[in-house]
1. Looking for something open to solvent by 10 Å² or more (accessible area, probe 1.4 Å), small (Gly, Ala, Ser) and closer than 14 Å to Phe278 by Cα - is there at least one such residue anywhere in region 372-383?
2. Out of curiosity, is Lys60 modelled with pLDDT of 95 or more, of a type in the set (Lys, Arg) and either outside any loop (DSSP other than H, G, I, E, B) or not assigned by the TED database to the domain that holds Met268 (or both)?
3. Can you tell me which residues in region 35-46 are within 26 Å of Glu68 (Cα to Cα) and open to solvent by 50 Å² or more (accessible area, probe 1.4 Å)?
4. If a residue has to be open to solvent by 40 Å² or more (accessible area, probe 1.4 Å) and assigned to a loop (DSSP other than H, G, I, E, B) to count, how many in region 485-496 make the cut?
5. In region 122-154, which residue that is hydroxyl-bearing (Ser, Thr, Tyr) and either surrounded by 19 or more Cβ atoms within 10 Å (Cβ to Cβ) or not assigned by the TED database to the domain that holds Gly224 (or both) is farthest from Ala102 (Cα to Cα)?
6. Scan region 398-414 for residues that are surrounded by 17 or more Cβ atoms within 10 Å (Cβ to Cβ) and of a type outside the set (A, V, I, L, M, F, W, C) and jot them down.
7. Which residues, counting only those in region 63-74, are in contact (Cβ under 8 Å) with a residue 40 or more places away in the chain and either touching a Cys at 6+ places or on another chain (Cβ under 8 Å) or outside any helix (DSSP H, G or I) (or both)?
8. Check every one of the strands (runs of 3 or more DSSP E) wholly within region 75-141 and list those with 3 or more residues that are more than 24 Å from Leu401 (Cα to Cα) and touching a residue at least 40 places away in the same chain (Cβ under 8 Å).
Amino acid sequence: SFVFIQDLSKAMSQAGSSQFQEVIRQELEYSMKVELDKILATAHSNEIEHTKKDLEGFKKLFHRFLQEKGPSVDWGKIQRPPEDSIQPYEKIKARGLPDNIASVLNKLVVVKLNGGLGTSMGCKGPKSLIGVRNENTFLDLTVQQIEHLNKSYNTDVPLVLMNSFNTDDDTKKILQKYSHSRVKIYTFNQSRYPRINKETLLPIAKDVSYSGENTECWYPPGHGDIYASFYNSGLLDNLIAEGKEYIFVSNIDNLGATVDLYILNHLMNPPNGKRCEFVMEVTNKTRADVKGGTLTQYENKLRLVEIAQVPKAHVDEFKSVSKFKIFNTNNLWIALSAIKRLQEKNAIDMEIIVNPKTLDGGLNVIQLETAVGAAIKSFENSLGINVPRSRFLPVKTTSDLLLVMSNLYSLNAGSLTMSEKREFPTVPLVKLGSSFTKVQDYLRRFESIPDMLELDHLTVSGDVTFGKNVSLKGTVIIIANHGDRIDIPAGALLENKIVSGNLRILDH
């Protein structure tokens, strides 16, 4: 088996035989090529072109995967970024805005990463279609924000959605409802790559289809795929031809990622006359963000280092809030002409993320992925901007959903802003137990969303329900033991309370 070959290869490489490893690599690449050719042969004539592009892209990634050894960074070379390479947002905002902000806005395209499903929150279909606030979905809020911009400044900022084969059909169906809104909406699809068997390193797909039982054979290869698929779709060239110059890219589930006019102005009218091709918004780490990727200086370039690339011995150091104070929000501003230039030279270099998965039947597979921010080192004159935490408001779990649905935030033209009534600008720490994981269970357990303006910390575990108009203040911990149930009565005020055991208040 492959594992035996690995052991043998290790033994022989220690004996100084890199030729042996090279032979094995070539054999694996050849076997992969044979399998991919078989898959391509099953494509219908109208699928051949894009399937071929996908498989070519995958072959390049697989080739690099076989070449690379161990974590992709040499820890000794990692340095703190130079002072001026990460600018404070206040400094950029202090420059103010020019009179002709509309002409600057007309050079912008907003791109949302929309490849993800809502499965982690117990929902079927695209995550962007989950209701977040007053029946509005992530997608609704995004369209409202851009429409508000276009109306306020009389501009034409388009929205581009990068879908995956998992989300494309459902998203396109829903887009019809925005046909009268003042936002042009375009979509393009991420590549579709084959998952590979962890033991044999061969694809598990036998043909090109990806429906029914074959859905597990394929995957979208991470958001680093944006450069190739945006370019291949032809949309990149069309937008350049329309005079667009920058894209603002962010995850569709980050509700803080709105168009920032000060950052856009800094890009279009740089103070030193030299334009940045790539800006990454970073923000200060809190204890909750220890796993986020961080910006470092590496071989005289700004470089994003993710936890997966860190040698095991240094993981704790990587997580420390004192040495690496910031993390990547994945809000990125990138020059369109630079993407085109680098894509044509095949010069975008992103580290490979090896993502192991176990399929429903128990088969172990790996997915080879890349991350959009990792390309920062391939661009010229890159910059980090340390933005306020409010620009990073991701909704990954129902605990996050509770925060954004609550009175901590007010909604205005699709943008959420923290309520002025909150005394301090940090968000409470909320941990909801497994009974709340799925959106429909979560919604069933709250008759109305509690007042959380003065909440610091909420932990809920077990079978707990909340009546209408509950207020939570300070630190509140509610733990229902196994088999018990706790119903927080309507109108209750819990301030610095621990509620445990079996609290059922019954109407009589």
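1. yes
2. Spelling it out, it is not the case that Lys60 is modelled with pLDDT of 95 or more, of a type in the set (Lys, Arg) and either outside any loop (DSSP other than H, G, I, E, B) or not assigned by the TED database to the domain that holds Met268 (or both).
3. Scanning region 35-46 gives a single hit, Asp37.
4. 3
5. Ser128
6. Thr398, Ser399, Asp400, Ser406, Tyr409, Gly414
7. Glu68, Gly70, Pro71, Ser72, Val73
8. 86-88
The values are calculated or read from the model by the stated rules, or taken from the named source; none is laboratory data. It should be emphasised that the depicted structure is a prediction, and the values quoted were computed from it without experimental measurement. In this analysis, Cβ positions are derived from the backbone assuming ideal geometry, glycine residues included, and neighbour counts consider all displayed protein chains. In case anyone asks, the SASA skips ligands and DNA or RNA and just uses the protein heavy atoms, side chains included. Shrake-Rupley method; radii C 1.70, N 1.55, O 1.52, S 1.80 Å.
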